[in-house]
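Taking it in order: structure first as structure tokens, then the write-up.
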Amino acid sequence: MDFLVWIFVAIVFYYAYRVIQVLIKMRKDIVLPVSAEELASIRKEPQKTVKPPTYSSQRAGIIFYILVLIYIIGMIILVWRHDVGFGLYFLIIFPIFHLSNFLNLFAVTKDGILCGARFASWKNIKSFEFLRIDVNHNYYGFSSEVNNQYELRIKTRFSTLSCVVTSEEMKAKLVGLLKEQGVEQKLEAEVI
């Protein structure tokens, strides 16, 4: 049983490491978005544009992220001390998999890409592709600004980062930045 506790503690520390890494990278030089128009052209979620990559604008998400981590650590300790069945650990740890959604952030830095509570360095990015948001896409219908635009999917070693791009100019800038770093572009894919 103690082994299982250590696995869950390692998972929590991994997510804590990720948010610390994002917070450190937010202090670096941001390449994109730097203007209000660029911010308005990128969305982490279809309903709202991203917030600037600064501590003050991401404050609520950062605080909520940290509070959820503290809650999960406390619950793991409480369950472990009372020797409850391991099935409860899975229910406690479940919210951790949605922590990336707490930060409404997408930014390109000199070192890589910040997307939510994740950072992908340029060496870990394998490829990218733009998916047209048409009637067959999951995001179609959420917002009129998103319909018939693009979802950018960035493939890394272990995961996929995504954002919605609502202008051709922003799409061209992102393609230029990603290709400049040597990232392979896949052809525009059709969502099935």
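Points worth noting:
- Computed over the chain, the per-residue total of -39500 (n - 2.57) for DSSP H runs of n ≥ 4 gives a 222 nm mean residue ellipticity of -13000 deg cm²/dmol, rounded to 500.
- Candidates 127, 162, 35: whichever shows maximal mean-square fluctuation once the chain is modelled as a Gaussian network with Cα springs under 10 Å: 35
- Part-to-part distance (alpha-carbon centres) for the range 89-116 and the range 38-56, which is given in Å: 14 Å
- The HN-Hα couplings worked out from phi for the range 48-58 by the Karplus form 6.51 cos²θ - 1.76 cosθ + 1.60 (θ = phi - 60°) are 9, 6, 6, 8, x, x, 10, 4, 5, 7, 9 Hz, whole numbers, x standing for Gly and Pro.
- Only the Cβ atoms of Lys and Arg (+1) and of Asp and Glu (-1) were treated as charged; on that basis the dipole of the range 85-156 about its Cα centre amounts to roughly 320 debye.
- Comparing 132, 43, 81 in a Gaussian network model of the chain, where Cα atoms under 10 Å apart are tied by springs, the biggest mean-square fluctuation is seen for 81.
- For the chain, fraction of C-alpha pairs farther apart than 26 Å, in %: 38 percent
- FRET efficiency estimate (nearest 0.05) - Cβ-Cβ, residue 94 to residue 21, R0 25 angstrom: 0.65
- Residues with amide H under 5 Å from that of residue 31, placed H, sequence gap 5 or more: 108, 109, 110
- Sulfur and carbon atoms: percent of accessible area, the range 38-122 [1.4 Å]: 69 percent
- Angle in degrees between helix 168-180 and the longest Cα principal axis of the chain, rounded to the nearest 10: 70 degrees
- Over the range 93-192, the alpha carbon radius of gyration divided by the compact-protein estimate 2.2 N^0.38 Å works out to 1.09.
- Distant-in-sequence amide contacts of residue 156, defined by a placed amide H-H separation under 5 Å and a gap of 5 or more residues or a different chain, comprise 126, 161.
- Shown in residue order for the range 117-126 are the 3J(HN,Hα) couplings computed by the Karplus curve 6.51 cos²θ - 1.76 cosθ + 1.60 at θ = phi - 60°: 9, 10, 10, 10, 6, 4, 6, 8, 7, 8 Hz (x for Gly and Pro).
- Dipole magnitude for the chain: about 500 debye, using +1 per Lys or Arg Cβ and -1 per Asp or Glu Cβ, origin at the Cα centre.
- All distinct Cα pairs of the range 10-86 go into the 1/r average, and the inverse of that average, the Kirkwood radius, is 14.9 Å.
- Each residue of the range 26-42 is assigned a 3J(HN,Hα), and the resulting list reads 5, 7, 6, 5, 8, 8, 8, x, 10, 10, 5, 5, 5, 4, 5, 8, 10 Hz, derived from the Karplus form 6.51 cos²θ - 1.76 cosθ + 1.60 (θ = phi - 60°), x at Gly and Pro.
- Solvent exposure of the chain, expressed per residue, is 55 Å² of accessible area, with all protein chains present and a 1.4 angstrom probe.
- Three semi-axes describe the equivalent ellipsoid of the range 136-192; taken as square roots of 5 times the Cα gyration tensor eigenvalues and ordered largest first, they are 21, 15, 10 Å.
The values are calculated or read from the model by the stated rules, or taken from the named source; none is laboratory data. Note that the coordinates shown come from a computational prediction; the quantities given were computed from them, not determined experimentally. Here the Cβ is made from the backbone with ideal geometry for all residues, glycine too, and neighbour counts use every protein chain on show. Note: areas computed on protein heavy atoms with side chains; ligands, DNA, RNA excluded. Shrake-Rupley method; radii C 1.70, N 1.55, O 1.52, S 1.80 Å.
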